[in-house]
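Participant: The structure that follows is given in the form of structure tokens.
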Amino acid sequence: MTGDSDQRPPLDAAVLQQELALTPDLSLELLAESPSTNQVAADRARDGAPDGLLVVADHQTAGRGRLDRTWETPAGAAITFSLVLRPTVPAAQWPWLPLLTGHTVSKALAAFGYNTRVKWPNDVLIDGLKVAGILVERIETSDGPAAVVGVGINVSTRAEELPVPTATSLQVAHADLTPTREGVLLGVVAGLREGFDAWQAGGADAAQRLASSYVAHCATVGQDVRVDLPGGTAISGRAVDVDLDGRLVVETAEGRQLVGAGDVVHVVPE
């Protein structure tokens, strides 16, 4: 890890405030450093924070991902944020929120020129390597349940700083395209807000459109996979679809199985 402060300046608070002021349903809390933006956002939600509170950490020191994994990045190299949302859709539709988040983050990065896909449920990939992680948590509050949508994206992380061989960053993937951290943050948050609002307002038709669009852009569908399930078991087969409840449909030797939670590994033929 290096600390080139001249190459990795802090986020420009004035730019973020100016741009976000144009979106009245978003409000910004910018932290110089935080162990976890999801924890801060969850605390704010319990204290009554409204839909649209955006908690951004210039440097997140102990971020959490799915399945209790950590998300660590060098200072100034990533964007990490958590958005408080208060969905009004029926509870049965909540499982789609993590998939919606991955899909909208992927589309927002694609708009910058990157070749993005989503690995079920919501890992964002560029050319098969993970560039963004997402953790969506349901929080019970006195004003009803809230969702805390946490997103971390590697922006200028160098190849030698990546934690695992299956990770990448915007800079590593395509150095000529690397936008500013402010630009990435604003573009992704705008896409997420727009996608969430459309999903909420559109009813059954919007849910169907989301499902169709998600499947079309999901790197997992059509792949041979191993799915490590909660409890230590696993299944193997071909991922053939994502159903209307957001579950991965896997064709196994024992027949089709529906997966609502699990860790997917894309199996590469030897």
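The values are calculated or read from the model by the stated rules, or taken from the named source; none is laboratory data. Only a predicted model underlies this, so the values are computations on that prediction, with no experimental measurement involved. Cβ coordinates were reconstructed from backbone atoms using ideal geometry, including for glycine residues, and neighbour counts include every protein chain displayed.
Participant: Considering only the range 131-144, state which residues are of a type outside the set (Asp, Glu) and over 11 Å from the mean Cα position of the chain (by Cα).
Facilitator: Scanning the range 131-144 gives Arg138, Ile139, Thr141, Ser142, Gly144.
Participant: Of all strands (runs of 3 or more DSSP E) completely enclosed by the range 182-270, which ones contain at least 1 residues that are loosely packed, with under 14 Cβ neighbours inside 10 Å and not basic (Lys, Arg)?
Facilitator: Correct list: 234-242, 248-252, 255-259.
Participant: State all residues of the range 117-141 that are under 11 Å from Thr168 (Cβ atoms) and either of a type in the set (Phe, Trp, Tyr) or assigned to a strand (DSSP E or B) (or both); if no residue qualifies, say none.
Facilitator: Val124, Leu125, Ile126, Leu129, Lys130, Val131, Ala132
Each row is one residue, and each column tells you yes or no for (1) outside the structural domain of Leu85 (by TED's automatic domain parsing); (2) more than 23 Å from Ala92 (Cα to Cα); (3) more than 15 Å from the chain's Cα centre (by Cα).
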residue: Glu160; (1), (2), (3): no, yes, yes
residue: Val164; (1), (2), (3): no, yes, yes
residue: Val172; (1), (2), (3): no, yes, yes
residue: Gly187; (1), (2), (3): no, yes, no
residue: Leu192; (1), (2), (3): no, no, no
residue: Gly203; (1), (2), (3): no, no, yes
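Participant: Tell me, which strands (runs of 3 or more DSSP E) lie completely within the range 8-104 with 3 or more residues that are crowded, with 21+ Cβ neighbours inside 10 Å and modelled with pLDDT of 95 or more?
Facilitator: 53-60, 78-85
Participant: Could you tell me whether any residue of the range 112-121 is within 25 Å of Thr61 (Cβ to Cβ) and modelled with pLDDT of 95 or more?
Facilitator: no
Participant: Failed condition for Gln223, given (1) over 15 Å from the mean Cα position of the chain (by Cα); (2) within 30 Å of Pro74 (Cβ to Cβ); (3) not charged (D, E, K, R), with all others met?
Facilitator: The single condition Gln223 does not satisfy is (2).
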